[in-house]
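Okay, so here's the structure we're looking at.
The values are calculated or read from the model by the stated rules, or taken from the named source; none is laboratory data. All figures in this text were calculated on a predicted structure; none of them were measured in a lab. Quick reminder, even Gly has a Cβ in these numbers, built from the backbone with ideal geometry, and neighbours come from all protein chains shown. These accessible areas exclude ligands, DNA and RNA; they are computed on the full protein's heavy atoms, side chains included. Shrake-Rupley method; radii C 1.70, N 1.55, O 1.52, S 1.80 Å.
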Amino acid sequence: MTLRIVLADDQPLVRAALRMATATNPDIEVVGEAGNGAEAVRLCETAQPDVVVMDIRMPGMDGIEATRLITAGPTTARIVVLTTFNDDEYVYAALRAGASGFLVKDMALEDILAAIRVVAASDALIAPSVTRRLIAHHTCRAEPPAARQSLDGVTEREREVLALVGRGLSNTEIAAHLTISMATVKTHMTRLLAKLNARDRAQLVITAYETGLVSVHP
């Protein structure tokens, strides 16, 4: 199966580098390029990509607003935001807007392509330890959420699984930690996504922090 991706970045050189990297990877096809958020939104409607690689800082509509509009629409495209370490303030907002993970711009191109495949498979967050740190950093600075009610209907075992997701554990690691099968972990994950109306694993991580299931230690 070929992954269809859209590249959204206002720097043509960044798009060109990613496009050239995909040329030797037949499982990934660039189906469109955008220089700003508004163009990315339009491309998602017409090109129907599987993944959008989205820069945060772009002229006009930025990547956060574009992510919010795309994930609120009918498309099933997953968003991976492009960032630098100086963009930490924006990463949490992008995840809250519906992004499935993020890439650091100085990553090796092959690592970026591998990360796109991971997000397309809805398998895990990109750079989970870094994402977890950023989410923890911004959550602990926010107002204490009145969000515990959102866990109504979530079983005790599902809360355990959600807490481990929030700590960045993979399904395999969760299975080993709880001494349960992979099939059982996947069942819990499916139920959590449905009960919490979460788009993907990234949204579950945010919920784990905002509901207090994962303790934040600055």
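Of the helices (runs of 4 or more DSSP H) lying entirely inside the range 1-98, those containing at least 2 residues that are hydrophobic (A, V, I, L, M, F, W, C) and touching a residue at least 60 places away in the same chain (Cβ under 8 Å) are 12-23. Examine the range 46-56 for a residue that is modelled with pLDDT under 85, over 15 Å from the mean Cα position of the chain (by Cα) and either over 29 Å from Val165 (Cβ atoms) or open to solvent by 40 Å² or more (accessible area, probe 1.4 Å) (or both), and state whether such a residue exists. No: the range 46-56 contains no residue that is modelled with pLDDT under 85, over 15 Å from the mean Cα position of the chain (by Cα) and either over 29 Å from Val165 (Cβ atoms) or open to solvent by 40 Å² or more (accessible area, probe 1.4 Å) (or both).
Of everything in the range 99-116, what is in contact (Cβ under 8 Å) with a residue 40 or more places away in the chain and open to solvent by 50 Å² or more (accessible area, probe 1.4 Å)? Give them in sequence order.
Taking the range 99-116 and keeping what is in contact (Cβ under 8 Å) with a residue 40 or more places away in the chain, we get 99-101, 103, 105, 109-110, 112-113, 116.
Listed by number, the residues that qualify are Lys105, Leu109, Glu110.
Return the residues of the range 177-215 that are hydrophobic (A, V, I, L, M, F, W, C), farther than 24 Å from Ala77 by Cα and surrounded by 14 or more Cβ atoms within 10 Å (Cβ to Cβ); say none if nothing qualifies. Those that are hydrophobic (A, V, I, L, M, F, W, C), farther than 24 Å from Ala77 by Cα and surrounded by 14 or more Cβ atoms within 10 Å (Cβ to Cβ): Leu178, Ile180, Val185, Leu213, Val214. Ile174 meets all of the listed conditions (1) crowded, with 18+ Cβ neighbours inside 10 Å; (2) in contact (Cβ under 8 Å) with a residue 24 or more places away in the chain; (3) not acidic (Asp, Glu) but one, namely (2). Within the range 180-217, the set of residues being closer than 22 Å to Phe102 by Cα, among the basic types (Lys, Arg) and assigned to a helix (DSSP H, G or I) comprises just one member, Arg201.
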